[in-house]
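Read through the structure below, which is laid out as structure tokens, and then see the notes.
Computed from the coordinates by the stated procedures, all read-outs in this text should not be read as laboratory data. A quick note: this is a predicted structure, and the numbers were derived from the prediction, not measured. Cβ placement follows ideal geometry from the backbone for every residue including glycine, while neighbour counts extend to all protein chains displayed.
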Amino acid sequence: MQEPSVSLCNVTKRYGSKKNIVTACDSINLEVSCGHVIGLLGPNGAGKSTVLNMVCGRLLPDSGTVTVCGTTDTGAIRSVTGFVSETPELDPHLTVKETLFFECSLYGMPQNKALEHIKHAVKDLELESVLEKKVSVLSKGFAQRTSLARAICTDPQVLVLDEFSGGLDPAQIVGIRSVIKKLSKTKAVIFSTHHIDEALSLCDRMYIMNHGSIVQSGSAEEIVKATHTQNLEQAFLRLTGGAQ
């Protein structure tokens, strides 16, 4: 049996002071293996981003265990994960090309290997026309595609995407989904989304979150059957109280 690339076991994360504690995630359990895509669905404030930040070692849980590629060490976790945030986190003073080479250098990747990986990332994400442009002049769509290219050019074992399709037009979204499907053949992919069609298009398994908890999980068919609804959208609305 294949060991999961990502495993969260009874993970809880809280924010705030003793007088005002907010539980962002409560007893979260989930797994994803190489070759599979899972999606976190839920309204704003459901805890999706907190889960993803713990998966890539950017946040520590207050309790429970986050294991990624066999390790619980946050430094080691960051070295095997690629993360794309909802809002691109890029240095505006660098060009797209400089951004990608700098990322590879941070991981200690030899130049010849970096060239190969960057070449594939640029081609897959159609960044040739902006390669020499500074990040500061990019449209939101190109900035998001650059952010994804930066995440994959280091060849991570786990790809983590937080609302990755924000700012992309419909044609770009179709292209990005195709890239993600291709990448998922050799990586574990976990992403969050508000879009039902995105989840249906990409996911092997879905976790629906509400108020910091996973309220249902499974394939689309399993979730629809468990909620006695006709489709995933109806199931989502029933499980989250219709909140968006």
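Things worth noting here:
- Shown for the range 146-206 is the translational diffusion coefficient from the Stokes-Einstein equation, using the Kirkwood radius over Cα pairs, a temperature of 4 °C and a viscosity of 1.567 mPa s: 108 µm²/s.
- For the chain, the 222 nm mean residue ellipticity estimated from helices alone, with every DSSP H stretch of n ≥ 4 adding -39500 (n - 2.57) and the total spread over all residues, rounds to -11000 deg cm²/dmol.
- A full extension of the chain between K97 and K181 corresponds to an added length of 27.8 nm, given 0.36 nm per residue minus the alpha carbon distance.
- Against the rule of thumb 2.2 N^0.38 Å, how large the Cα Rg of the chain comes out: 1.01
- Normalising by residue count, the range 25-90 has a Cα convex hull of 111 Å³ per residue.
- Modelled label positions at Q111 and K123, each set 7 Å beyond Cα in the direction of Cβ, lie 2.2 nm from each other.
- Label point at S27 placed 7 Å out along Cα→Cβ; residues across the range 200-214 whose backbone nitrogen lies under 14 Å: 212-214
- Given their separation in residues at 0.36 nm each and the Cα-Cα distance between them, R238 and E221 gain 4.6 nm when the chain is fully extended.
- Across the alpha-carbon set of the range 11-145, the Rg to Rh ratio works out to 1.02, Rh being the Kirkwood radius.
- Share antiparallel - DSSP beta bridges, the chain, percent rounded to 5: 50 percent
- Stokes-Einstein D in µm²/s, Kirkwood radius over Cα pairs - the range 66-172 at 20 °C with 1.002 mPa s viscosity: 152 µm²/s
- For E89 and T229, a Förster radius of 35 Å and the Cβ-Cβ distance give a FRET efficiency of 0.40, rounded to the nearest 0.05.
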